[in-house]
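First comes the structure, then the notes that go with it.
The values are calculated or read from the model by the stated rules, or taken from the named source; none is laboratory data. As the structure is a computational prediction, the values presented were derived from the model and not from experiment. Note that we place each Cβ from the backbone using ideal geometry, even for glycine, and neighbour counts take in every protein chain shown.
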Amino acid sequence: RRKRKLTAYLKQFQLATRALPDATIVLDADLSVTWANSASARMLGVNWPDDVNRRVTNLIRVPALKNFLEAHDAADTVEFPSPVDDTVHLSVRLSPYGQGQSLLVARDVSQIHRVNTLKSDFVANVSHELRTPLTVFRGFLENLHEDRDQAPERWRPALEQMYSQCIRMHGLLEELLLLSRLESSDSLEALHPISLGTLLIEIHEEAEQLALDKQMVFNLSLDEDIVVKGSRPELYSAFSNLVFNAVRYSREGDTIDLRCYADDKGAHVEVEDTGIGIAKVHIPRLTERFYRVDKSRSRAGGGSGLGLAIVKHVTLRHGATLSIESEPNTGSLFRISFPPEMVCEDPAEVEPGGLREVG
Ligand code: ADP
């Protein structure tokens, strides 16, 4: 009777797991499959009992999943298209239990993914459509601005305002378009060797111009031998956003340190300032679009609120990480860390023909 009862329980359990909408896989300590429900076959291509004792990373060949499983962060999730059907977008979570075992759960988030894509497409389309009329305005305003001495006296302040706001709007649209482009894919198509030191020297020259009236002190500590694999325009945009922010959110006489160095964890770029700093509560939200600690200060300094969102996306696309440390009234430290695989030992490896495009 006991046997019959247990068999009935087991049947009930199997029926229940078959009804689960999420793919659920039990993994043992070395990440090999112990058990999987039927949704796992449909969503991840993992079949039970055929795939028992096979490593999950050999069954699901998705680099993002491999990195995620190696990182072991239970609080985090990773998203990628289903290896069985790329129209389905999955969000995967790993919950450890028992002695080294873990439960891998994949949820279908295609709906949320579609809404996010729609939102990004909308922003990209609106920005694109607005660019043409704005370019026309800008052209005429530039002409009028050049001849402002001939304009009636009472028109001149309005002309100045229209001209500067038009340039601001143009910059905003360009940044929105750049952000949409960065968001449309998670990885870079082509990798080029880029010398971090050369890029930072160029940005430093521009930043000095920006900081002229604030009398700021720049300290450079750059290892010019460090070359990473990446996209020059994207890295230029990310680093310059960090450096220009350091200028924008510092006071007269403050110091800005630009550093790049390499260690066993990879290559690192640091931008540190002794400026106004940021309260802890704001730090996790800084990379959201249009998130600003102080709206009026950001606008007055020519900020768009998109800079750190761009930095975050460029960082992600280079497989790098962004860390932010800050103390109000003391200063801030922004660090971008490239993993060892993005650091270029021999730049000739990256571009066929060995062309060393540096900086
Ligand atoms: P913005 O164009 O407003 O500067 P960002 O996305 O670049 O937008 O930055 C978001 C917010 O983070 C800024 O509005 C500012 O409040 C804060 N911030 C960024 N960099 C610094 C810094 N170096 N020091 C102090 N605050 C900063």
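Tabulated data
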{"read-out": "Verdict on residue 214 being at negative phi, in contact with a helix residue (DSSP H, G or I) (Cβ under 9 Å, 6 or more places away or on another chain) and away from the ligand (no atom under 16 Å from the Cβ)", "value": "no"}
{"read-out": "Residue in the range 134-154 that is surrounded by 11 or more Cβ atoms within 10 Å (Cβ to Cβ) and outside any helix (DSSP H, G or I) present", "value": "yes"}
{"read-out": "Selection count, the range 129-172, where residues are hydroxyl-bearing (Ser, Thr, Tyr) and under 20 Å from residue 303 (Cβ atoms)", "value": "2"}
{"read-out": "Close pairs (6 angstrom Cβ cut-off, 6 or more residues apart or separate chains): within 15 Å of residue 242 (Cβ to Cβ) in the range 295-323, of a type in the set (Asp, Glu) anywhere", "value": "304/175; 306/175; 314/234"}
{"read-out": "Filtered residues of the range 179-205 (kept if out of contact with any Gly (no Cβ under 6 Å at 6 or more places or on another chain) and of a type in the set (Gly, Ala, Ser))", "value": "180, 184, 185, 187, 190, 197"}
{"read-out": "Hits in the range 72-117 (condition: among the hydroxyl-bearing types (Ser, Thr, Tyr) and either free of Cβ contacts under 8 Å to residues at least 12 places away in the same chain or over 17 Å from residue 41 (Cα atoms) (or both))", "value": "77, 95, 97, 102, 110, 117"}
{"read-out": "Those residues of the range 300-344 which are in a loop (DSSP other than H, G, I, E, B), of a type in the set (A, V, I, L, M, F, W, C) and either under 25 Å from residue 255 (Cβ atoms) or more than 10 Å from the ligand (Cβ to nearest atom) (or both), in sequence order", "value": "320, 344"}
{"read-out": "Out of 278, 336, sole residue that is in contact with a Leu (Cβ under 6 Å, 6 or more places away or on another chain) and either closer than 29 Å to residue 192 by Cβ or surrounded by 18 or more Cβ atoms within 10 Å (Cβ to Cβ) (or both)", "value": "336"}
{"read-out": "The lone exception for residue 189 - which of (1) in a helix (DSSP H, G or I); (2) within 23 Å of residue 235 (Cα to Cα); (3) not hydrophobic (A, V, I, L, M, F, W, C) it fails", "value": "(1)"}
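Per-residue answers, yes or no, for (1) at pLDDT 95 or above; (2) within 22 Å of the chain's Cα centre (by Cα):
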position: 238; (1), (2): yes, yes
position: 246; (1), (2): yes, yes
position: 253; (1), (2): no, no
position: 256; (1), (2): yes, no
position: 259; (1), (2): yes, yes
position: 267; (1), (2): yes, yes
position: 272; (1), (2): yes, yes
